[in-house]
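Reading through the structure tokens given below for one structure.
The values are calculated or read from the model by the stated rules, or taken from the named source; none is laboratory data. Keep in mind that what you see is a predicted model, and the values were worked out from it rather than measured. When we count neighbours, we look across all protein chains shown, and the Cβ atoms used for this are built from the backbone with ideal geometry, even at glycine. Calculation scope for accessible area: heavy atoms of the full protein, side chains included, ligands and nucleic acids excluded. Shrake-Rupley method; radii C 1.70, N 1.55, O 1.52, S 1.80 Å.
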Amino acid sequence: MRQPGSLASQVSLRDLKRLIKTGEGTYLEFKRIISSPEKIAREICAFANTKGGNLLIGVDDNKTIIGVESYHEQEFLLEQAAEIICTPEVNYTMEILPYYLRDIMLVKIQEAAVKPVSVQTEKASSVFVRHKDKSLRASKEVVHILRNETSSSGVTFEFGRKERLLLRYLNEYERITVKEFSELVDVSKRRASNILVDLVSAGVLKLFSHEKSDYFTLTQ
């Protein structure tokens, strides 16, 4: 949901160019246009599930400022994405910066108070998170951790043989996947996943999302 306030940008063109120069990353994504609410919902969802971030509409991936002919149509697609396709709806603010006869949209996505935010379409429900300059589909472990972040109940676990083996392994090899941990302690992948998720929620481990396979490390 767009938060109330003036659409006139508080950012100067010089500031905008400086922001663009930093390039896409964890907190910044460029889009020439919003082609569909479903596609932009993935980016909105990913930012909301992570630490928030900025969408620059009217900027190409190569950092070229293109602008959009009119922000009104783009705003309509943005509203559909944030308020209907994203569940729960995502809060954002929007600023419009005129650029010659076109507009540049700076959309600031807020981190969600209740996680996970999901993208709901007719075909599926998916959760996305931001990793470097990409919005990745979240694994079930990430989804559980996001849910624990805003859960009112605390996470408890027993520190037993499996956990000791895990710490010994991580001290030597630094990282581990669900599959590797499952084989290490001879439990099902589901059980291994639950143990690792609880340890992340308790602050013992950190989870890193990756395009191929998530992995866990000790919290430094």
* To do: Looking for whichever is touching a strand residue (DSSP E or B) at 6+ places or on another chain (Cβ under 9 Å) and either open to solvent by less than 20 Å² (accessible area, probe 1.4 Å) or within 13 Å of GLU163 (Cα to Cα) (or both) here; the options are VAL178, VAL200, VAL185. Which one fits?
  => VAL200
* In the range 190-197, is there at least one residue being at pLDDT 95 or above, in a loop (DSSP other than H, G, I, E, B) and of a type in the set (S, T, N, Q)? -> no
* Structure fact -> Residue hits (the range 164-176; touching a residue at least 40 places away in the same chain (Cβ under 8 Å) and assigned to a helix (DSSP H, G or I)) are LEU167, LEU170, ASN171
* Asked: In the range 132-164, what count of residues is obtained for those that are modelled with pLDDT of 90 or more and open to solvent by 50 Å² or more (accessible area, probe 1.4 Å)?
  -> 10
* Asked: In the range 43-73, what residues are under 14 Å from LEU97 (Cβ atoms) and either among the acidic types (Asp, Glu) or not in a loop (DSSP other than H, G, I, E, B) (or both)?
  -> ASN54, LEU55, LEU56, ILE57, VAL59, ILE65, VAL68, TYR71
* Asked: Within the group ILE33, ILE40, ILE84, which residue is without any contact (Cβ under 8 Å) to a residue 60 or more places away in the chain, outside any loop (DSSP other than H, G, I, E, B), open to solvent by 70 Å² or more (accessible area, probe 1.4 Å) and hydrophobic (A, V, I, L, M, F, W, C)?
  -> ILE84
